[in-house]
Amino acid sequence: MQFGVSINRDEPAGVSPADELAAALERAHAARDLGFGLLGFGHRYSTGPAVSTPDRPALTTRRLQPLHLIAHVAAELKDTVEYSTNILLSASAHPVSLAEEVATLDTLCHGRFRLGLGVGWLDYEFEAFGVPRAGRVRRFTELVELYRLLLTEDDVSYSGEFFRVRGVRTLARCVQEPMAPLWIGGSLDAAVRRAARLGDAWIMSSHIPMSDLERQVALFTTQRREAGLPPPTQFPIVRTVYVARTREEALRLAEPAMRRRYAERGDRGWFLTRGDDLAAGFGDGRWIIGSPEDAIEQILGYRERLGVTHMIFSYQAGGPGSDRASLLRMLELLGEQVIPYCRDAQARREPA
């Protein structure tokens, strides 16, 4: 199992862009030095509203965009780690520019880039780019189909509802042949089926309980077999993590941020909604919360039950334990007390 960590995140509006970049670089260097092999970069555009409305608070956070940030980080860390988007949202993407940018970025990363791509689900982002939300899945399917053709063929013609090209080829090519691995995200069963058809891997969502993921992993594998595609070799997953010296401290740090996060997103497709008991989510595998020993047990469970090959840790902004120094302390706990044991345990269980 390879371990990764999210590098960029939503930052309070008062944080300057320079400080935001410095914090991201600090986390990237620390993660590399602590043994993380993959750096993940999240993505979103302005989700609005700019001014509070009766049902939604104003957007008050900032975030650096992932592709440019990856290029900058890769210039410093070079080929000592791998890089991924988890995930890049499709509302702004055009297959021609996406293929050129990904191929260029894979070169800058020395062939160590993975594109995590998803449909997206927030109204504000589709509205901002003039993309009808009603047709977003059909558009996404065409986006991926044409993107693949552009990176794997030299003379591409395509005529779809949303994208059309005739007799074109890209200027840039990926270092990885034929292209950088494509991880497709999604939460619903329909999204898992789509990922099986269109992607190289399905990147498991950060808020789905373990029991649902077990069923969806089987669905993903079955869909690929029925489509005549090779069996999957990568099973990446993103999980929110709160690890502290003791379980009690971790729960104290996690609860305020998680309760706020799910309250904000309960009407936007997240599955722990208003009226549910937040504590119920602590034991169903949708987060990694507790002491280092708790985290080890949970991580090995993901490996055994889901076949996870890439465990990517994320964290919530705001609340106790989310400041810059606290995040670095948590990375140290993971890098020094969790990851080495998980690797040793995995090595002991694998046949010689």
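The values are calculated or read from the model by the stated rules, or taken from the named source; none is laboratory data. These numbers were taken from a predicted model, which means no experiment stands behind them. Using ideal geometry, Cβ is built from the backbone for each residue, glycine included, and neighbour counts are taken over all protein chains shown.
Brief remarks follow.
- Any hit, region 106-114, residues being among the aliphatic types (A, V, I, L, M), part of a helix (DSSP H, G or I) and touching a helix residue (DSSP H, G or I) at 6+ places or on another chain (Cβ under 8 Å): yes
- Identification of helices (runs of 4 or more DSSP H) wholly contained in region 120-232 with 2 or more residues that are crowded, with 20+ Cβ neighbours inside 10 Å and small (Gly, Ala, Ser) yields 189-198.
- Qualifying residue in region 33-46 (condition: touching an Asp or Glu at 6+ places or on another chain (Cβ under 6 Å) and hydroxyl-bearing (Ser, Thr, Tyr)): yes
- Only one of the numbered conditions (1) surrounded by fewer than 21 Cβ atoms within 10 Å (Cβ to Cβ); (2) touching a residue at least 24 places away in the same chain (Cβ under 8 Å); (3) among the charged types (D, E, K, R); (4) farther than 18 Å from residue 185 by Cβ is not met by residue 112, and that is (1).
- Residue check for residue 285: buried (at least 19 other Cβ atoms within 10 Å of the Cβ), assigned to a loop (DSSP other than H, G, I, E, B) and either at pLDDT below 95 or within 23 Å of the chain's Cα centre (by Cα) (or both): yes
- The lone exception for residue 76 - which of (1) surrounded by fewer than 15 Cβ atoms within 10 Å (Cβ to Cβ); (2) closer than 21 Å to residue 174 by Cβ it fails: (2)
- Residue 3 at pLDDT 95 or above and either closer than 30 Å to residue 169 by Cβ or of a type in the set (Asp, Glu) (or both): no
- All positions within region 322-342 that are of a type in the set (S, T, N, Q), assigned to a helix (DSSP H, G or I) and either under 21 Å from residue 42 (Cβ atoms) or modelled with pLDDT under 95 (or both): 326
- Taking the criterion of being among the small types (Gly, Ala, Ser) and farther than 25 Å from residue 237 by Cβ, the residues of region 141-198 that qualify are 157, 159, 160, 167, 172.
- Residue tally, condition modelled with pLDDT under 95 and small (Gly, Ala, Ser), over region 179-217: 5
Residues checked against (1) farther than 19 Å from residue 121 by Cβ; (2) of a type in the set (D, E, K, R); (3) modelled with pLDDT of 95 or more:
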| residue | (1), (2), (3) |
| --- | --- |
| 53 | no, no, no |
| 60 | yes, no, no |
| 63 | no, yes, no |
| 72 | yes, no, yes |
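- Scan of region 288-321 for residues that are within 19 Å of residue 34 (Cα to Cα) and modelled with pLDDT under 90, ordered by number: 315
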